[in-house]
Amino acid sequence: MKQWKNIRLWLVACFLVTMVVSGCSRASSGSGSGDAKVTLVWWTHDNPSFVEANKKRIEEYKKIKPNVTINYQYFPYDAFIQKAKAAYAGNNAPDIAQLFGTWVTDYAKNGHLDQAPNQEDLKQNFFEAALGAYTVDDKIYGIPQEYNLENGGVLAHPQMFKDKGITYPPKTYAELIDAAKQLTVRDGNKIKVKGFDFVSGDNIFFTFLSFILQQNADYWTSDGHVNLTGPEAVTAMTKLKELITVDKVTDLSRFGDNLDSSDYFFKGSSAMTIRGPWTIASGVNTYKVNDFEYIPMPSLTDSPPYFAAESGWGEVVAAKSKHKEEAWAFVNYMNQKEQALDFNVTTFTVPARKDAAEDPAYLQKLPMLKTSIDVLQYGKWVGPVQDRDFFVKSVNDNFQLIASDKMSVEDGLKKIEQSVNEMIDKHLSVGNKSS
């Protein structure tokens, strides 16, 4: 009997050991597993400076968490968009993805993304405009790494001002237009050097919205539709048209070209061009020019230079990820102040973190971005645009007709408002069905 009792105790002990080992095995494949080995799949686009910054974060993290392997995969922009759509639709998304903010909203609404931890800390430490598209029903579904803006600054050639004896830089909108008229160079009926260029796919759209906001008005209604036929919108669109038809400081001749409006600026074909700060890197690194500056864009009115901004690139974690805890740990590491600051310097982007933007080290390394840093407080999230590309195209297509005197300002705005609101209704209808 004693021998049998010992055997029974031995069997029980074996059973307990087996359960412990089994439990450890299960822990290694789930989330929250401490030091168990975990592999996280991370997808991004293939922008070279972003890839460089991302690889640096991975190498640093290996030293802190040697048990975590980051399977980093990056793809060409267009291919990345389609790959991400298919992956989330098929519930086969990577653990982490670096998405553009505007895309995040739909993925979050459809239940594809996990809520970010430390929600209140994010609201306190990040700019509201940067968090806008990552937020659904007051819940945040990712962490932005950049504050994406197309307004607030103007590329300018100071020597052109000096050659004409014009005060530099212009402090008011009236001074900017007066300078632009003097700086415009013509060759017969054609403009050889544009005094002030805003004609690009993004900047017609964003300058139009900024002119509305600078009149202390809004273009959103309480039910999530756009109001683009009010007096402020009429004034904003009229001012844009006048730059072409009355002031004659630019034209539509290069709209839709393969080159960006900033490319023409760096080639000396415009004295001033309103464009996002990201174009500065192109001038310095691609065109190798140093005869330009990035100056403040004056407000249309006496109000501050308010502008609409999209939420830029940032990280999200898939709702279906088996390693959410580890994924968020890596994402949070990337977005600590020092790591975030290095990412922004490497990628020539504007910080989404307030303390990174306020750190003197940022402007010491990227002094030309002072104009953008100074204006961040005036940025407002562009809003729930749903199909961003459709909205931008509707504004651009109708603006061309308005600026060519083929359509009145009022009729053009009615068409934009109607088409955009129909698009919004379709997206909201699809979203309601899927939920």
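In this calculation the C-beta distance from Ala36 to Gln159 is compared with R0 = 51 Å, giving a FRET efficiency of 0.25. Taking amide H as placed 1.01 Å from N in the peptide plane, the amide H of Val154 sits under 5 Å from that of Ile295, Met297, each at least 5 places away or on another chain.
With Rh defined as the Kirkwood radius, the inverse of the mean 1/r over Cα pairs, the Rg/Rh of the chain is 1.09.
Highest mean first, the peptides 349-356, 365-372, 160-167 sorted by other C-beta atoms within 10 Å per residue fall in the order 349-356, 365-372, 160-167.
Two tests apply to each whole DSSP H helix in the chain, Cα reach of 27 Å or more along its axis and mean Kyte-Doolittle hydropathy of at least 0.5, and the ones passing both are 2-29. Scanning residues 5 or more positions from Ile70 or on other chains, those with amide H under 5 Å from its amide H are Leu40, with H placed 1.01 Å from N in the peptide plane. His427 contributes about 60 Å² of solvent-accessible surface, heavy atoms of the protein only, 1.4 Å probe.
Near Ile177, once Lys and Arg are set to +1 and Asp and Glu to -1 for all other residues with Cβ below 15 Å from its Cβ, the sum equals +2. When each of the peptides 308-320, 206-218 is scored by the mean number of other C-beta atoms lying within 10 Å of its residues, the order from highest to lowest reads 308-320, 206-218.
Residues of the range 329-361 with amide nitrogen under 15 Å from the 7 Å Cα-to-Cβ point of Lys56? Only 334-351, 361 fall inside the zone, counting backbone N under 15 Å. Take every pair of alpha-carbon atoms less than 8 Å apart whose residues are at least six positions apart; their mean separation over the length of the range 107-234 yields a relative contact order of 13 percent.
Extending 7 Å from the Cα toward the beta-carbon at both Asn285 and Asp355 defines two label points whose distance is 2.8 nm.
Of the peptides 411-424, 266-279, 130-143, the order by per-residue mean of other Cβ atoms within 10 Å, starting with the highest, comes out as 266-279, 130-143, 411-424.
Straightening the chain between Glu128 and Arg186 buys 16.6 nm, computed as 0.36 nm per residue apart minus the Cα-Cα spacing.
Going 7 Å from the Cα of Asn71 along its beta-carbon direction, which residues of the range 290-323 have the amide nitrogen within less than 14 Å of the resulting point? Flagged as within label range: 321-323.
How large is the accessible surface of Tyr77 in square angstrom, using a 1.4 angstrom probe and rounding to the nearest 10? Rounded to the nearest 10, that gives 110 Å². Net charge within 11 Å of Gly379 by Cβ-Cβ distance, Lys/Arg positive one each and Asp/Glu negative one each, not counting Gly379 itself? It works out to a net charge of -2.
Averaging Cα coordinates gives a centre for the range 77-116 and one for the range 362-430; these two points are 23 Å apart. Counting charges near Ser210 (Lys, Arg +1; Asp, Glu -1) among other residues having Cβ under 14 Å from its Cβ returns a value of -2.
Take the eigenvalues of the Cα gyration tensor for the range 36-81, scale each by 5, and report the square roots as semi-axes in whole Å, largest first.
23, 13, 4
Projecting the Cα atoms of Tyr72, Gly188, Thr235 onto the dipole axis of the chain, where Lys and Arg carry +1 and Asp and Glu carry -1 at the beta carbon, places Tyr72 farthest toward the positive end. As a length-normalised measure over Cα pairs under 8 Å and 6 or more apart, the relative contact order of the chain settles at 24 percent.
The values are calculated or read from the model by the stated rules, or taken from the named source; none is laboratory data. Everything quoted here is computed from the prediction, not taken from an experiment. Here the Cβ is made from the backbone with ideal geometry for all residues, glycine too, and neighbour counts use every protein chain on show. When the accessible area is computed, the model is the full protein with side chains, heavy atoms only, and any ligands, DNA or RNA have been set aside. Shrake-Rupley method; radii C 1.70, N 1.55, O 1.52, S 1.80 Å.
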